[in-house]
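Participant: Next up is a structure, given as structure tokens.
The values are calculated or read from the model by the stated rules, or taken from the named source; none is laboratory data. What you are looking at is a predicted structure, and each value in this text was computed from that prediction instead of being measured. When we count neighbours, we look across all protein chains shown, and the Cβ atoms used for this are built from the backbone with ideal geometry, even at glycine. Note: accessible area is taken over every heavy atom of the protein model, side chains too, but ligands, DNA and RNA are not part of it. Shrake-Rupley method; radii C 1.70, N 1.55, O 1.52, S 1.80 Å.
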Amino acid sequence: TEPTSTKAGAPLLYSTQDRSLPKPKRTRPNQLQLMLGCCSCKGDCSSRLCGCSKKGDICGYNCQCNNLYSFNRSVSLKSQTRCKNLFNTLVQYGIDTRAAGKDKCFMGHIFKIEDLRGHLEQTYKLNCCESSVQLKDLIPGPAKCPVCQSEWSYSWCYNDVWETHRAPRHCAKCRQCKAYRNDHCAGCNKCYFKDWSERPCPTCELDRKQKRTGKSQDLSVPKPKRKKTSRASCSCKGDCNSRRCGCSRKGLVCGEHCKCTGCKNPFTTLVEYGIDCRAAA
């Protein structure tokens, strides 16, 4: 399209219907909003897309979601109460949101809860003294039992309380709580049971053995079982006069399938006297 002008002397403007022109860039928050740590959300701030929620902070008066004090005046006043930042609810219960935002397990599950207030007021029984504690007291850190003063922690992955010294450890790479004795292997990118010793990863150790031998083993296919032979025989190189002989250890005499030479199996003498060798053994 050709440029058009509305009045004489006015600058020429392109028509808005021309789709060949580049689209205008997205507006970014100004420098003051960045300094104050405000969000520029156009939604309800109930997800991790909100800049304040991502840091574990509440939305303030300078955030764009609270449009009464917003820098963007084009938003209608009907949506002035649209902000549903979950950390605003945590502040009402007296929870330290900045400390709770550093917990990876907490941040991975807080946005999936529908009724946050009902979840915070749930009570959990402690196995030490049969006492109970509310979930809001377990955030952000461990809570003490009112009777024995033992520390208890909450796992958002398991939705249960554990003693702090044996509570599951949240793996940031697996994004899941694992046993407190587990460790994450950087080689295979999996968690394994390490215990208190410096035990190597069994998956990586198996790969090293396969590289040395040049054989690959498929763990999904079970190993074929060896067929047991019904006949008993020994492969002694001596005189079979000790318990090292396979026939003597089972209470049998050496037969034609044995490889022994100069056999002095003591059970051969017992058979000559009609003694039951199996019962005697």
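Participant: Grab the other residues whose beta carbon is less than 10 angstrom from that of G56, score K and R as +1, D and E as -1, and report the net. List each step's numbers first, then the result.
Facilitator: Details: positive: K54, K55, R98, K102; negative: D57, D96, D103.
The answer is +1.
Participant: Which entries in the list K125/K190; K136/K194; K209/K250; K84/K136 go over 28 Å, if you measure between the two C-alpha atoms of each?
Facilitator: Details: K125/K190 32 Å; K136/K194 33 Å; K209/K250 37 Å; K84/K136 19 Å.
Flagged as over cut-off: K125/K190; K136/K194; K209/K250.
Participant: Separate question: Grab the Cα-Cα distance for K55 and C174, subtract it from 0.36 nm times how many residues apart they are, and report the gain in nm with one decimal.
Facilitator: Working: separation 119, 0.36 × 119 = 42.84 nm, distance 2.09 nm.
Using 0.36 nm per residue and subtracting the Cα-Cα distance, I get 40.7 nm.
Participant: Where Lys and Arg each count +1 and Asp and Glu each count -1, what net charge lies around V161 among other residues with Cβ under 14 Å from its Cβ? Walk me through the numbers on the way to the answer.
Facilitator: Details: positive: K125, K136, K144, R166; negative: E130, D137, E151, D160, E163.
Neighbourhood net charge equals -1.
Participant: Another question, if that's okay. Ignoring ligands, DNA and RNA, what accessible area per residue does segment 87-160 give at 1.4 Å, in Å²? Show your work: numbers first, answer last.
Facilitator: Numbers: 4150 Å² over 74 residues.
Accessible area per residue: 56 Å².
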